[in-house]
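Right, one structure below, let's go through it.
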Amino acid sequence: MQNPRIARTILSEPHAVDLILFLDKEGKIVATQLKTIHSNYMKLLILARKLKEKGILSIEEKRGPRLTYYISLTQKGKKVAEKLRTAREIVGD
């Protein structure tokens, strides 16, 4: 049961912080690279779409022989990543 006094945010989602910091480090990635964060690709793609709705990252579709998704941080996402890196440095992670 969740504590009603603790607000849940998009950053509370499993792997959200890892995904943001991975994109900050790598830049634009192909969606299949999400597997380097966690083996459940579909779960991470759903998370990426939620982060897109919040304006933290962008997802670009490219059609060719196959449909390819490119994922990258927006300016807002880069600011979030900077704050997350700072928090990790303070905590010592």
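Surrounded by fewer than 13 Cβ atoms within 10 Å (Cβ to Cβ) and at pLDDT 95 or above: is that true of GLU60 in this structure?
So GLU60 fits the description; yes.
Name the residues in the stretch 41-71 that are among the acidic types (Asp, Glu) and either in contact with a strand residue (DSSP E or B) (Cβ under 7 Å, 6 or more places away or on another chain) or closer than 14 Å to LEU23 by Cα (or both), would you?
Taking the stretch 41-71 and keeping what is among the acidic types (Asp, Glu), we get 53, 60-61.
Scanning the stretch 41-71 gives GLU60, GLU61.
Within the stretch 12-25, take every residue that is exposed (fewer than 14 other Cβ atoms within 10 Å of the Cβ) and assigned to a helix (DSSP H, G or I) and give me the one that is modelled with the highest pLDDT.
Per the criteria, the residue is LYS25.
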> So is ILE29 surrounded by 11 or more Cβ atoms within 10 Å (Cβ to Cβ), of a type in the set (A, V, I, L, M) and modelled with pLDDT of 95 or more or not?
Replying inline: yes
>> When the residues of the stretch 4-38 are narrowed to those that are of a type in the set (A, V, I, L, M) and in contact with a Phe, Trp or Tyr (Cβ under 8 Å, 6 or more places away or on another chain), which ends up farthest from GLN75 (Cα to Cα)?
In response: ILE37
>> Among the numbered criteria (1) more than 11 Å from the chain's Cα centre (by Cα); (2) modelled with pLDDT of 95 or more; (3) surrounded by fewer than 16 Cβ atoms within 10 Å (Cβ to Cβ), which one does LEU84 miss?
In response: (3)
>> Looking at the stretch 64-77, can you tell me whether even one residue there is under 14 Å from LEU11 (Cβ atoms), without any contact (Cβ under 8 Å) to a residue 40 or more places away in the chain and surrounded by 12 or more Cβ atoms within 10 Å (Cβ to Cβ)?
In response: yes
> If you check every pair at least six apart or on different chains, which have Cβ atoms under 7 Å apart with a residue in the stretch 30-42 that is in a helix (DSSP H, G or I) first and a residue that is aromatic (Phe, Trp, Tyr) second?
Replying inline: ALA31/TYR69; LEU34/TYR41; LYS35/TYR41
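The values are calculated or read from the model by the stated rules, or taken from the named source; none is laboratory data. Values in this document were obtained by computation on a predicted structure and should not be read as measured data. So basically every Cβ, Gly included, is an ideal-geometry build from the backbone, and we count neighbours across all protein chains shown.
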